[in-house]
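Quick notes on the structure that follows.
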């Protein structure tokens with residue numbers, strides 16, 4: 001294989017790894033913009049991926065000839081709904097009961113994996129849920145023929161890749177251009193001020209957390225579809241990595257997009273570096289996989305003075321203390 | 001104010017008692033929800049399942065099973081202490097898992113490579129594990145005190161950095177003859193430590209393996225309990241511990257009164273990491289039943305011990321002695337789950353623990369609400385009585 005083919009393969013894999021991170025990190029952004037730290041992205045991804053994959057598994061058994069595009073659209077709805085449902089636990093504890101958001105989120109992470117593995121094992125005796133992964137789009141007509149760009153973005157993808165692109169555009173419009181987005185940001189920056197001009201802080205925070213739940217659930221589905229043919233009870237830390245992507249992207253949709261691509265590239269290198277001539281004989285995979293986390297730490301240090309973190313993120317809002 | 005209100009106020013103003021009550025209520029809620037899930041999943045087996053959680057597994061083979069229970073409680077207690085030490089300084093050490101893994105690696109290296117140490121190999125192994133864990137805890141602490149980087153985010157990152165670094169080192173360290181020193185390729189896991197490096201089973205003449213014959217137990221459990229006394233002493237009986245707790249209560253007030261907050265944060269994370277690293281050392285150096293030992297598998301998934309430590313610390317509200325009981329409790333129901341696997345899948349135990357943690361996270365608000373409600377209904381009744 002020549003250098004060109006290798007870099008095309010790696011860039012194509014980058015896209016597959018980036019999309020789940022992108023969708024989930026945008027979810028995290030909505031929650032933090034409203035002032036709630038959502039550390040439970042990991043658990044919500046597990047939850048969303050489990051129920052949507054279980055749904056796909058059942059549908060594929062019941063209706064073997066079902067159209068894959070239709071099925072994945074339905075599975076996306078299942079993933080979003082189950083993500084939203086689990087996130088209500090965080091919203092209830094963090095917004096209404098003003099509990100510590102990190103502890104509440106940790107409890108949800110602790111809950112998600114055993115709960116879905118329990119259901120899987122009770123139904124089938126094994127923790128994995130199989131499905132036949134016929135959702136890959138090997139080549140988008142016309143666009144796939146464009147040199148370089150076509151090979152990276154329009155071959156070996158899934159529908160979720162384009163949904164991911166669409167969500168970035170949507171998120172950026174919603175956050176910067178709509179009344180809802182600006183109110184959401186104001187609630188995360190200064191809830192007292194927002195409340196005083198008649199914005200319902202609790203409602204906005206519920207909305208932020210539920211959007212993050214829906215997106216994280218979808219991200220979970222994207223993770224499984226991109227990487228395997230079965231769900232086996234975890235998303236190998238992609239939820240936490242998505243938090244890093246969100247911080248790296250400084251809570252801004254387009255920067256999050258770039259950060260997700262960077263993190264995806266590092267994951268792709270970790271899995272495919274042995275293709276690169278001269279590197280075959282080392283086991284460097286772990287170093288590549290370490291790199292996004294090290295980069296996040298460096299980014300956190302560099303941006304510590306001018307971080308764009310929402311000011312009230314992580315602090316419960318008490319109307320009485322306004 | 002009548003007598004009822006007085007006693008109620010007295011009870012509610014006793015924080016330790018309220019905390020204990022709230023924890024008990026959380027446990028009852030957790031087990032009830034677990035029972036409902038069992039009823040839905042396996043209606044016929046639910047009652048015997050709940051009996052297992054309450055200890056019916058202890059009735060056969062009792063000494064061995066008690067020994068195993070104590071063995072599995074050890075890491076829960078040590079990791080609980082690690083997380084709690086940071087909590088007391090107002091820090092959430094979600095990175096205990098990474099510190100545990102790094103400590104485990106250090107002890108593994110000592111246990112395999114430094115066989116010349118003889119009797120002291122396990123001691124050196126545990127010391128090196130603590131140092132390695134402390135080193136790993138230093139980073140989030142330093143980043144917080146120097147750059148104001150939130151410790152939750154940085155310690156999550158250091159979990160993964162630590163895990164991948166350990167995996168990298170294990171799959172690359174070679175001995176003098178060029179063979180992998182730690183990694184056993186044929187099984188896809190590490191080698192066991194040398195038999196001479198196993199943690200002993202008798203402690204100043206108390207032979208645990210004869211009290212609990214056939215069990216996994218070693219003196220780790222005694223070390224864990226001693227450690228809880230040490231942590232209590234440091235936190236509540238020294239100036240240093242007072243400074244740490246002051247930072248945890250109100251860091252601005254602590255700073256104003258001349259306490260060096262940055263130093264306290266960094267030191268607290270180092271000590272918390274050292275405790276977690278010690279836990280990793282205890283795991284990898286354990287001899288277990290008939291010296292089968294423990295191994296570390298190279299998979300890309302974080303070890304669960306650090307997160308279990310968070311559960312233990314939260315359940316015990318970071319009280320060092322409470323942690324011993326919380327660790328014993330969680331280990332107890334985990335053992336119950338282990339023995340009932342043929343009836344009901346043992347993930348039910350993790351579900352119950354998660355529900356307990358969630359409930360205790362929200363219980364503070366309930367405590368005040370229930371108190372207000374009790375007082376209100378009482379006074380309304382009184383009015384109606386008039």
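Each value in this text was obtained by applying a stated rule to the coordinates, not by laboratory testing. What you see is a predicted model, and the numbers here were worked out from it, not measured in a lab. Counting neighbours? That spans all protein chains shown, and the Cβs are built from the backbone with ideal geometry, glycine included.
Of the listed peptides B:73-85, B:338-350, B:255-267, what is their order by residue-averaged count of other C-beta atoms within 10 Å, with the highest listed first?
Going from most to least packed, we get B:73-85, B:338-350, B:255-267.
At q = 0.07 Å⁻¹, what base-10 log of I(q)/I(0) does the Debye formula yield for chain A when every alpha carbon is treated as an equal point scatterer in vacuo?
So the normalised log intensities are -0.28.
Give the peptides A:70-81, B:113-124, B:94-105, B:239-250 in descending order of average Cβ contacts within 10 Å, highest first.
Taking the mean over residues of other Cβ atoms within 10 Å, the ranking is B:94-105, A:70-81, B:239-250, B:113-124.
Across the residues of B:346-353, average count of Cβ atoms on other protein chains within 10 Å?
5
Comparing B:52, B:147, B:183, which has the greatest mean-square fluctuation in the GNM of chain B with Cα pairs linked when under 10 Å apart?
The residue with the greatest mean-square fluctuation here is B:147.
For residue A:5 and residue A:318 in one chain, what is 0.36 nm times their gap in residues minus the Cα-Cα distance, to one decimal in nm?
Answer, rounded to one decimal: 107.0 nm.
Rounded to whole Å, give me the distance from the Cα center of the stretch A:152-186 to that of the stretch A:13-38.
10
Compute the acute angle (0 to 90°) between the alpha-carbon long axis of helix B:305-315 and the principal axis of greatest extent of the alpha-carbon atoms of chain B; round to the nearest 10°.
20
Would you mind computing, in nm to one decimal, how far apart the modelled labels at residue B:15 and residue B:226 are, each placed 7 Å from Cα along Cα→Cβ?
3.1
Of the residues A:86, A:182, A:54, which exhibits the maximal mean-square fluctuation in a Gaussian network model of chain A defined by a 10 Å Cα contact cut-off?
Greatest mean-square fluctuation among the candidates belongs to A:182.
For residue B:262 and residue B:301, what is the calculated FRET efficiency with R₀ set at 41 Å and r taken between the beta-carbons, to the nearest 0.05?
0.75
Let me confirm one metric for peptide B:124-131, namely the mean number of other chain beta-carbon atoms within 10 Å of its residues' beta-carbons.
0
On C-alpha positions alone, give me the angle between the axis of helix A:101-124 and the longest principal axis of chain A, in degrees, nearest 10.
Value to nearest ten degrees: 40.
How would you rank B:311-317, A:293-299, highest first, on the average number of other Cβ atoms within 10 Å across their residues?
Averaged packing, sorted descending, gives the order B:311-317, A:293-299.
With a ≥ b ≥ c taken as the square roots of the eigenvalues of the C-alpha gyration tensor of the stretch B:1-133, please select rounded if a/c is under 1.5 and otherwise prolate if a/b is larger than b/c or oblate if it is not?
Verdict is oblate for the stretch B:1-133.
I need the shape label for chain B. Rule: rounded when a/c is under 1.5, else prolate if a/b > b/c, else oblate, with a, b, c from the alpha carbon gyration tensor.
Here chain B falls in the oblate category.
Mind pulling the angle between the C-alpha long axis of helix B:62-88 and the longest principal axis of chain B? Nearest 10 degrees, somewhere in 0 to 90.
Tilt relative to chain B: about 80 degrees.
Under a GNM of chain A (C-alpha, springs under 10 Å), which listed residue has the highest mean-square fluctuation: A:174, A:209, A:95?
Largest GNM mean-square fluctuation: A:174.
Report the FRET efficiency, 1/(1 + (r/R0)^6), for residue A:197 and residue A:77, where r is their Cβ-Cβ distance and R0 is 41 Å, rounded to 0.05.
0.70
log₁₀ I(q)/I(0) of the protein assembly as shown at q = 0.05, 0.08 Å⁻¹, via Debye over equal Cα point scatterers, no solvent, to two decimals?
Once normalised to I(0) and log-transformed, intensities are -0.25, -0.66.
Considering the stretch B:268-332, what Rg and Dmax in Å follow from its alpha-carbon atoms?
Spelled out, the Cα radius of gyration and Dmax of the stretch B:268-332 are 13.5, 38 Å.
Could you tell me whether the stretch B:61-105 comes out rounded, prolate or oblate from its Cα gyration tensor? Rule is a ≥ b ≥ c as square roots of the eigenvalues, rounded for a/c under 1.5, then prolate if a/b exceeds b/c, otherwise oblate.
Note, shape of the stretch B:61-105 comes out oblate.
Once you place label points 7 Å from the Cα toward the Cβ at residue B:39 and residue A:142, how far apart are they in nm?
Modelled inter-label distance: 6.0 nm.
Quick one: length gained pulling residue B:62 to residue B:176 fully straight, 0.36 nm per residue minus the C-alpha distance?
36.3 nm
Between residue B:253 and residue B:28, what is the FRET efficiency for a Förster distance of 56 Å, r being their Cβ-Cβ separation, to the nearest 0.05?
Using R0 = 56 Å, I get an efficiency of 0.95.
How high is the relative contact order of chain A? Use alpha-carbon pairs under 8 Å, at least six apart in sequence, and give a whole percent.
37
Between residue B:120 and residue B:47, with labels modelled 7 Å along Cα→Cβ, what's the label distance in nm to one decimal, could you check?
Reported label-point gap for residue B:120 and residue B:47 is 6.1 nm.
If you take each beta carbon of peptide B:143-153 and count the beta carbons of other chains within 10 angstrom, what is the mean?
Per-residue shielding by partner chains comes out at 5.
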